[in-house]
Amino acid sequence: MDELMSVVDWSRYQFALTAIYHWLFVPLTLGLSVMVAIMESVYLRTRSEQWLRITKFWMKLFGINFAMGVATGIILEFEFGTNWSNYSWFVGDIFGAPLAIEGLFAFFLEATFVAVMFFGWKRVKPGFHLAATWLTAIGATISAAWILIANAWMQHPVGQDFDPAQMRNVMTSFSDVVFNPNAVSKFFHAVFSGWVLASVFVIGILCWFKLRKAESGFFITRSFKVAAVFGTAGMLLTLWSGDFEARNVTKTQPMKLAAMEGLYRGNTQQSFTAIGIINPDKRADNDEDPYLFKIEVPGVLSLMANHDMNSFVPGINDIIEGKHINPDGTVTYGPSYQDRIESGRIAHRALADYDSAMARGDKQAMAAAADTLKAHYPDFGFGYLDSPYEAVPPVATTFYSFHVMALLGGYLLVFFLGALLIGYRKPQWLNSRLVIWVGIISVPLVWICSECGWITAEVGRQPWIVQNALPTKAAISCIGASSVKVTFWLFAAVFTILLAAEAMIMTRSIRNQRKELAAEPEAAAGKAEAKSDKTGAAAEAEADKKGNNR
């Protein structure tokens, strides 16, 4: 058993490592691709060489990041087969279909037009090149959509039935999988948050240019305005999609919501913890206080979860017990987690009975076992659990990641409102060292915010790899813990090298651009001086001519 849990833990660590590195590149790709397309659209309309230079610079940074994202993404998909083969079998063709479409359609679209985008400036017409740039951005977004559809199915499995003959899930409705409400909210939230991250990235680099005395007015001010508007739109849309996401989590993953708030006993008009410190000794099976310290905002969690401040939000223990408080204050009980564990074990026995009956060729027994299995399948995953408390996710990790994300999200909203003010009303503030440093420091902060959102979504659904249907301990491959440990450290080294290489290449490109911008005032001054000398020489020649005429 210890060996099994070691394999589970190290397989999770390896997948988490790969996902965290991959997510460093994905949101920047999603946002920067659209920004580059917008900038090139402006260039095509104005035919300004300045806009062309702006477009090519940010396009170069997009290309560097795009390549790294592809490298880590491919490894991430292969890990489903190497480390999670039981999961890959169990989900049948459901999980594989979105990934296959992503590879055949979206990735093909990106790979085709990204080549035109980078190497076709003088080989294709400007209009076709712009179309290729937009199609690259659209392809990246579509690629993200199919990945998020697959992930959303894991969080809320729909459009499928369990086939006991194959001992796996089979798809019954492709449209239900694609338009899963969780998939829709995740798609918008991920894409719009990518817009936010890319905009902060652009503003941070522009602030660094200002710090290093690169005074080109056109390049910095125009890029700043695009980032300010694009980022503000992304921030407002992220808040909207986040509200959508919160309501979906409330309906389909109430245990995740409870862990996000560190809530063990819920109530109507449930308050939201603005700031809090989780008690490390608190567990669902003891009476310790959940918090060492907290500041609450009354009614906000009920409002966030159900758009009703008087609604009931269950805590961890309420969910385990099946407890619900009605609007009139009465308490009712549904199936507890212990009941669901027993129901899941009935489903497991029914599946074993079906397999035995099929081996004997007893169709009547097969039909009876299939009916029992179908009746109890909603609790199938609980049959793997040894205790109801095993279904509680890591509360502290989920709580802190969610609240850091929320806190930084509020900061970023203020940040972009300030960026709009500077870009369109107070451009002189961009010379302030305080503003410059705020812009630079915000770059790592927005990445922390993005990673915390992903951690909240994935850690908060533990122990499930498929919600309520398959826990992680039943989804792993039959491999030794030592081999997973070796590949974990190997991947850690490779990914770190890749990240360092990307940072070095990007830094070199940014520094070269700064040198060009810093040289512009000198070049402009030289042109002005040459023009002045030319004008003075012409005036002297004219005077000499007049003197000779006399």
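The values are calculated or read from the model by the stated rules, or taken from the named source; none is laboratory data. Everything numeric here is computed off the predicted structure, so don't read it as measured data. Glycine also receives a Cβ, built like all others from the backbone with ideal geometry; neighbour counts cover every protein chain displayed. Quick note on the areas: whole protein, heavy atoms, side chains included, nothing else; ligands and nucleic acids left out. Shrake-Rupley method; radii C 1.70, N 1.55, O 1.52, S 1.80 Å.
Using Cα centres only, tell me the gap between the stretch 60-85 and the stretch 189-203 in whole Å.
Distance between centres, Cα-based: 20 Å.
Summing +1 for each Lys or Arg and -1 for each Asp or Glu, what net charge is found among the other residues whose Cβ lies under 13 Å from the Cβ of Ala145?
Working: positive: Lys186; negative: Glu102, Glu110.
Taking every other residue near Ala145 into account, the sum is -1.
Suppose the chain between Glu288 and Thr507 were pulled fully straight at 0.36 nm per residue; how much longer would it get relative to their current alpha carbon spacing? Intermediate values should be presented prior to the final figure.
Values: separation 219, 0.36 × 219 = 78.84 nm, distance 4.95 nm.
Going from the current span to full extension adds 73.9 nm.
Under unit Cβ charges (Lys, Arg +1; Asp, Glu -1), what dipole magnitude, rounded to 20 debye, does the stretch 95-241 have relative to its Cα centre?
Working: 10 positive and 6 negative charges, 204 e Å.
I would put it at about 980 debye.
Filter the cross-link list Lys186/Lys282; Lys225/Lys256; Lys225/Lys251; Lys125/Lys210; Lys251/Lys294; Lys282/Lys374 down to pairs whose alpha-carbon distance in this structure exceeds 29 Å. Display every interim value, and only then the final one.
Working: Lys186/Lys282 31 Å; Lys225/Lys256 38 Å; Lys225/Lys251 40 Å; Lys125/Lys210 35 Å; Lys251/Lys294 26 Å; Lys282/Lys374 37 Å.
The pairs that break the limit, which is 29 Å between Cα atoms, are Lys186/Lys282; Lys225/Lys256; Lys225/Lys251; Lys125/Lys210; Lys282/Lys374.
Which peptide among 162-169, 251-258 comes first, and what is the full order, when sorted by highest mean count of other Cβ atoms within 10 Å?
Taking the mean over residues of other Cβ atoms within 10 Å, the ranking is 251-258, 162-169.
Assuming a ≥ b ≥ c are the square roots of the Cα gyration tensor eigenvalues, decide whether the stretch 437-485 counts as rounded (a/c under 1.5), prolate (otherwise, with a/b larger than b/c) or oblate. Could the numbers behind the result be given before it?
Working: a/c = 6.80, a/b = 2.08, b/c = 3.27.
Cα axes put the stretch 437-485 in the oblate bin.
Can you tell me the dipole magnitude for the stretch 370-483 around its Cα centre, using point charges on the Cβ only (Lys, Arg +1; Asp, Glu -1), in Debye to the nearest 20?
700
Rounded if a/c is under 1.5, else prolate if a/b is larger than b/c, else oblate: which is the stretch 186-267, with a ≥ b ≥ c the root eigenvalues of its Cα gyration tensor? Don't skip to the end; give the middle numbers.
Details: a/c = 4.90, a/b = 2.84, b/c = 1.73.
Judged from the Cα gyration tensor, the stretch 186-267 comes out prolate (a/c at least 1.5, a/b above b/c).
Taking 0.36 nm per intervening residue step and subtracting the Cα-Cα distance, what contour gain separates Thr172 from Leu76 on full extension? Can you show the working numbers first?
Working: separation 96, 0.36 × 96 = 34.56 nm, distance 2.68 nm.
Taking Thr172 through Leu76 to full extension adds about 31.9 nm, to one decimal.
Which of [x] 3, 15, 24, 23, 16, 9, 5, 2, 1, 1, 1, 0, 0; [y] 3, 17, 28, 27, 17, 6, 1, 0; [z] 3, 11, 16, 16, 13, 9, 5, 4, 3, 2, 2, 2, 2, 2, 2, 2, 2, 2, 1, 1, 0, 0, 0 is the computed P(r) over Cα pairs in 10 Å bins from 0, in percent for the structure on display?
Checking each listed value against the structure points to [x].
Once both axes come from the Cα atoms, what is the angle between helix 481-549 and the longest principal axis of the chain, in degrees from 0 to 90, rounded to 10?
For helix 481-549, the angle is close to 20 degrees.
Out of the total accessible area of the chain (probe 1.4 Å, heavy atoms of protein only), what percent is carbon and sulfur?
64
Would you compute, from DSSP H runs of 4+ residues alone, the mean residue ellipticity of the chain at 222 nm, taking -39500 (n - 2.57) per run and dividing by the full residue count, rounded to the nearest 500?
Working: 17 runs with 395 residues, N = 550.
Result for the chain: -25000 deg cm²/dmol, rounded to the nearest 500.
Counting other Cβ atoms within 10 Å of each Cβ, which trypsin sites (Lys or Arg not before Pro) in the stretch 28-130 have at most 10 and sit in a DSSP loop? Each step should come with its number before you reach the end.
Working: sites: Arg45, Arg47, Arg53, Lys56, Lys60, Lys122, Arg123; in loops: Arg47, Lys122, Arg123.
In loop regions of the stretch 28-130 (DSSP not H, G, I, E or B), the sparsely surrounded trypsin sites (Lys or Arg not before Pro) are Arg47, Lys122, Arg123.
If you take the charge dipole of the stretch 364-491 about its Cα centre, with +1 on Lys and Arg Cβ and -1 on Asp and Glu Cβ, which of Ser477, Ala457, Tyr411 is farthest toward its positive end?
Toward the positive end, the furthest listed residue is Tyr411.
Would you mind putting 504-514, 335-345 in packing order, based on average other-beta-carbon counts within 10 Å, highest first?
Values: 504-514: 14.7, 335-345: 18.1.
Highest mean packing first, the order is 335-345, 504-514.
With a probe of 1.4 Å, find how much accessible area the chain has per residue, and write the answer as a whole number in Å². Don't skip to the end; give the middle numbers.
Values: 25680 Å² over 550 residues.
Value for the chain: 47 Å² per residue.
Using only Cα atoms, tell me the angle between helix 363-376 and the longest principal axis of the chain; keep it within 0 to 90° and round to the nearest 10.
Around 60 degrees separate the two axes.
Figure the gain on full extension for Leu104 and Asp355 (residue separation times 0.36 nm, minus the Cα-Cα span) and round it to one decimal in nm.
On the way: separation 251, 0.36 × 251 = 90.36 nm, distance 3.63 nm.
The Leu104-Asp355 span can extend by a further 86.7 nm.
How high is the relative contact order of the chain, in percent, counting Cα pairs under 8 Å that sit 6 or more residues apart?
Values: 792 pairs, mean separation 104.0, N = 550.
RCO, the chain: 19 percent.
For the stretch 61-143, run through the chymotrypsin sites (Phe, Trp or Tyr not before Pro) and keep only the ones in DSSP coil with at most 15 other Cβ atoms within 10 Å of their Cβ. Walk me through the intermediate numbers first.
Details: sites: Phe62, Phe66, Phe78, Phe80, Trp84, Tyr87, Trp89, Phe90, Phe95, Phe105, Phe107, Phe108, Phe113, Phe118, Phe119, Trp121, Phe128, Trp134; in loops: Trp84, Trp121.
Qualifying residues, ordered by number: Trp121.
Might you report the magnitude of the Cβ-based charge dipole of the chain about its Cα centre, with Lys and Arg at +1 and Asp and Glu at -1, to the nearest 20 debye?
Values: 46 positive and 47 negative charges, 663 e Å.
Dipole magnitude for the chain comes out near 3180 debye.
Can you find, among Ala183, Trp195, Pro164, the residue sitting farthest towards the positive end of the charge dipole of the stretch 154-217, where Lys and Arg contribute +1 and Asp and Glu -1 at Cβ?
Highest projection toward the positive end goes to Trp195.
Over all distinct alpha-carbon pairs, what is the Kirkwood Rh of the stretch 92-138 in angstrom?
Numbers: mean 1/r = 0.0866 Å⁻¹.
Its Kirkwood hydrodynamic radius stands at 11.6 Å.
Using a/c under 1.5 as the rounded threshold, could you call the stretch 265-349 rounded, prolate or oblate? The axes a ≥ b ≥ c are square roots of the C-alpha gyration tensor eigenvalues, and prolate needs a/b larger than b/c, oblate otherwise.
Working: a/c = 2.63, a/b = 1.39, b/c = 1.89.
Here the stretch 265-349 falls in the oblate category.
I'd like the distance separating the alpha-carbon centroids of the stretch 105-166 and the stretch 488-512, in whole Å.
Comparing the Cα centres of the stretch 105-166 and the stretch 488-512, I get a distance of 25 Å.
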